[in-house]
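Some notes on the structure that comes next.
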Amino acid sequence: MDSKSKADLKKALTWIKQGKTQKAQRLLTKMLRRQARNAPAWFLLSYTLDNPKQQQYALEQAMRADPEYVRAKQRLEKLQGRSVEETASAPAFFPVEEPEPPLPAADGFLDATPGAPAEPLLPRSEEPAERPRRKILTLALVGLLLFVAVILGLAAMRIYSTQVSAPPPSATAASSATLPATITPTLALTGTPSPTATAGFRPPLVDAETLAQMETIQGQVSAVRGLQVNAEVANSMLPENTAAIVLANAYSDAEKEEQGEAQEELLKAFGLLAGRDSLRDYELNRQVDPLGGFYIPAQNTIYLVGDSFSGPLTYAYSRLFARALLTQSYPFLRVLDADCTVFTDACRAWAALAAGDAGLTAAQWLQANPDEQLLQELENLAPDPALMQSQEPAEFVRRELDFPGGRGLGFVQSLFDLGGWAQVDEAYAAPPVSSEQVLHTEKYLAGEGPLDLSDVSFRAGLGSAWEPLGYGSLGEWLTYLVLTSNTRAEARLPEETASAAAAGWGGDLFQAYLRESDGAVALAAHWVMDSAEDARELGAALAEHLALRFAQAANPLRTGQCWVGEGRRACLFVDGAEALWLLGPDEIVVIQVMLAHYPQFQ
């Protein structure tokens, strides 16, 4: 294990002893995103959790990472009240009747485990020495990531914020002290809770007749989906102007908005936002049912936007209640709002699973309880996913908002066709981890996950004038949108061309830096496709798109094609199964600095 990891473990241990468990939890979770099988990190994480079930699970993960980890075994035995060997047949949690083993001294924590002098406390580092080229097929890693989501989803109980200091695989602002020299995107599942309602605001109650109708629908939806309510869901109906205020206050967070500015800059670099376009409306609309309503998990409340509970609002309610059922049954869904951004492809897949599930549940509810007038009304409706608008949404925003409910419904329907709701329920134990798996159910079923890329940061080569802007993954879906949803219609490729070009996606990683003196952005987007043929197809599509976007061809740089326009230079390289797109100011030295960090394209 590297010296930084050892230092971080000592720091976390010191914070725990000082009672600073939240700081320790954030640090340990950040470590586990990089090293999912770091046994000491899981062990210390158990001391930062309040829920005994979560503590037990953390210790079990430590034991899976290192079966001979004596400290974890002793603490787990005390927590359970019986030996680890009895765990399989035991209830999930036993009260601790005896004092648990004390925390080790900081100086001795990294040396050896008491009771097992021949076995080192820390397992061998499992971080790769070089970028792997194979698919991640292990469900164990997915399970670990899912567990971290459950821990922090349960612990936060409030939603919609991320940490600047621990950027996820998304376009979050990052300081030079936090951006690693080698970038490997992983799912971030930490965050600081934010307010969930306007101060002093109490949602108006619905009248008795409406409540009776809602409770009838609740019972019908619960029966269709086969899930039971764990906690009674509150209901409220609001006029549109009040609903917008409630929603905005429930999801307002200054830190999140600041990070959103970095995402906006990146989306502009990719050509998906323009001018003064903002993600504010997009972030709110992610929470809204297009028919008029939203569910706030932290309040366990469904809000409908309208004056009377009738027509399409009853269908919206069936979807929203289905979502409430799913959130209660699968708590990890709470983190979708806390830590997911437009550049978190795994979260996009999870959101599609939940939204598709709710959509299929509502469709089956209506089929089981037919209403000809409601069916007619729904057929004549054209729901707008961008329901909350302060500006005309970009083409990218409209398509992105449609992904969870549209593509997610197709994904869940495919699973249901294979094995009914039991098959769908299994997906929550091993959720899809990429938009590719949602778009191609067969890849999900085959366990074909994204490639794990690690690219070297080129920030040092650019110099101190450049600051990290963000890094993350486009996934197959955003790769497709880059080709089809540019803010300039003339730079958009035909649907068939873009879909075929993105379909061979295997994995990708981008990194970007901002020169604050003039607002210039240096961006490198690196794809590894399933085959050399897929890379050539993506390269051809990107070349066509860049030629349309930047208009003027420039002298080729080594083995790549280049274009200039709008004071910027874009260069494209294809080698084997890989493709690289570099974008920066029209300064050849900036492109050369970036290219130097991708020797395979030399």
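FYI, it's all coordinate maths here, none of it is from the lab. In this text, all values refer to a predicted model and were calculated from it rather than measured experimentally. In this analysis, Cβ positions are derived from the backbone assuming ideal geometry, glycine residues included, and neighbour counts consider all displayed protein chains.
Applying 1/(1 + (r/R0)^6) with r as the Cβ-Cβ distance of THR559 and ALA7 and R0 = 45 angstrom yields a FRET efficiency of 0.60. For the listed residue pairs LYS30/LYS78; LYS4/LYS30; LYS6/LYS78, the alpha carbons are over 24 angstrom apart in LYS30/LYS78; LYS6/LYS78. Classify the range 208-445 as rounded, prolate or oblate from the Cα gyration tensor: take a ≥ b ≥ c as the square roots of its eigenvalues, call it rounded if a/c is under 1.5, otherwise prolate when a/b beats b/c and oblate if not. Verdict is oblate for the range 208-445.
Taking a ≥ b ≥ c as the square roots of the eigenvalues of the alpha carbon gyration tensor, the range 505-555 is oblate, as a/c is not under 1.5 and a/b does not beat b/c. The order of THR361, THR242, THR14, going from fewest to most other C-beta atoms within 10 Å of their C-beta, is THR14, THR242, THR361. Label-to-label distance, GLN552 versus GLU261, with points set 7 angstrom from Cα along the beta-carbon direction: 3.2 nm.
The calculated FRET efficiency for ARG488 paired with THR14, based on their beta-carbon distance and R0 = 56 Å, is about 0.55. Counting beta carbons within 10 Å around each of TRP15, TRP421, TRP42 and listing the fewest first gives the order TRP421, TRP15, TRP42.
Between the residues PRO312, CYS340, ALA422, the greatest Cα displacement towards the positive end of the dipole of the range 208-445, with unit charges on the Cβ of Lys, Arg, Asp and Glu, is found for ALA422. Subtracting the Cα-Cα distance of ALA532 and ALA248 from their residue separation scaled by 0.36 nm leaves 97.6 nm. Our estimate of slack between LEU205 and ALA368, defined as 0.36 nm per intervening residue step minus the Cα-Cα distance, is 55.8 nm. If you average the C-alpha positions of the range 438-494 and of the range 348-373 separately, how far apart do those two centres end up, in angstrom? Answer, in whole Å: 30. Under 1.5 on a/c is rounded, so check that first for the range 455-601, then, if it is not, pick prolate when a/b is larger than b/c and oblate when it is not; a ≥ b ≥ c are the square roots of the alpha carbon gyration tensor eigenvalues. Prolate is the answer for the range 455-601, as a/c is 1.5 or above and a/b outweighs b/c.
Stretching ALA596 away from SER454 to a fully extended chain increases their span by 49.6 nm, per 0.36 nm per residue minus the current alpha-carbon distance.
Of the residues ILE591, ILE217, the one with the fewest other Cβ atoms within 10 Å heads the list, and the complete ranking is ILE217, ILE591.
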